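The values are calculated or read from the model by the stated rules, or taken from the named source; none is laboratory data. This one's a predicted model, so the numbers in the text were calculated from it and none came from an experiment. Using ideal geometry, Cβ is built from the backbone for each residue, glycine included, and neighbour counts are taken over all protein chains shown.
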Amino acid sequence: MDDSPNRLPPLLAALRAAARAAGFIMSSEDRTGSLLATLAASRPGGRILELGTGFGEGTAWLLSGMDRAADLITVELDPAVQGVGRQLLGADPRVSFVSGDGGAWLEEYDGGPFDLVFADTWPGKFTHLERALELVAPGGIYLIDDLLPQPGRPKDHEASVHDLLAGLDRREDFRCVRLAWSSGLLMAVRTL
Ligand SMILES: C[S@@+](CC[C@H](N)C(=O)[O-])C[C@H]1O[C@@H](n2cnc3c(N)ncnc32)[C@H](O)[C@@H]1O
């Protein structure tokens, strides 16, 4: 089975070219992007949160799956990195770009819960995990990636991933599935 996606978001090529030109290598790969789009499509009118915008490739995938009534907040620490996504995707009224630390944003956010949380940076994953999970609506999805070992990661990264996955699997309020596919993902659905 060829599992490469056959439908790519219209602006993905431009975002990818900008990321490559800047030497940014942390963008989600296409299979993860395709999963993001599919999960977003499963939530008509859904409220979606992305932590770590990067160059906006994940954002473009999410937008490509969302219907017109859905909305997306995406948070990024580095305004220069987020600038390209803001410029190319910012005209879409469904997306709000937030520039700042994801941990501070999670602590300060006082709005409603989300149907899909894509935690693609430290806060919401290795820090502020409880807060990110608290923001997942009943039946909502929490998704993380980059869980398989990769060269260049800090030595203790694998141990951190192991502890993170074990902690999530132990929870009674989420049902989890691990996907040893793409960069390695875990999807958790709030059941309580
Ligand atoms: C894996 S990349 C995001 C990729 C993007 N979600 C995608 O799908 O293409 C992680 C991003 O998190 C950002 N970041 C790092 N620390 C952060 C923090 N404390 N708060 C928000 N963003 C942070 C980095 O600048 C980087 O752009």
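Look through the stretch 16-67, keep the residues that are crowded, with 21+ Cβ neighbours inside 10 Å and among the acidic types (Asp, Glu), and return whichever of them is farthest from the ligand (Cβ to nearest atom).
Among those residues, the one meeting the criterion is Glu50.
Do the conditions hold for Val98, that is, is it within 12 Å of the ligand (Cβ to nearest atom), surrounded by fewer than 23 Cβ atoms within 10 Å (Cβ to Cβ) and modelled with pLDDT of 95 or more? I'd like the intermediate steps shown before the answer.
Working: within 12 Å of the ligand (Cβ to nearest atom): yes; surrounded by fewer than 23 Cβ atoms within 10 Å (Cβ to Cβ): yes; modelled with pLDDT of 95 or more: yes.
When the stated conditions are applied, Val98 passes them.
Of all the residues that make up the stretch 110-132, how many are more than 13 Å from the ligand (Cβ to nearest atom) and either part of a loop (DSSP other than H, G, I, E, B) or hydroxyl-bearing (Ser, Thr, Tyr) (or both)?
Residues in the stretch 110-132 being more than 13 Å from the ligand (Cβ to nearest atom) and either part of a loop (DSSP other than H, G, I, E, B) or hydroxyl-bearing (Ser, Thr, Tyr) (or both): 4 in total.
Which condition breaks for Glu172 when tested against (1) within 15 Å of the ligand (Cβ to nearest atom); (2) farther than 23 Å from Arg43 by Cβ?
Every listed condition holds for Glu172 apart from (1).
Going by the structure shown, is Leu8 touching an Asp or Glu at 6+ places or on another chain (Cβ under 8 Å) and at pLDDT 95 or above? Steps first, please.
Values: touching an Asp or Glu at 6+ places or on another chain (Cβ under 8 Å): yes; at pLDDT 95 or above: yes.
So Leu8 fits the description; yes.
Out of all the residues in the stretch 70-92, is one or more more than 11 Å from the ligand (Cβ to nearest atom), assigned to a helix (DSSP H, G or I) and under 27 Å from Trp181 (Cα atoms)?
No, there is no match, as no residue in the stretch 70-92 is more than 11 Å from the ligand (Cβ to nearest atom), assigned to a helix (DSSP H, G or I) and under 27 Å from Trp181 (Cα atoms).
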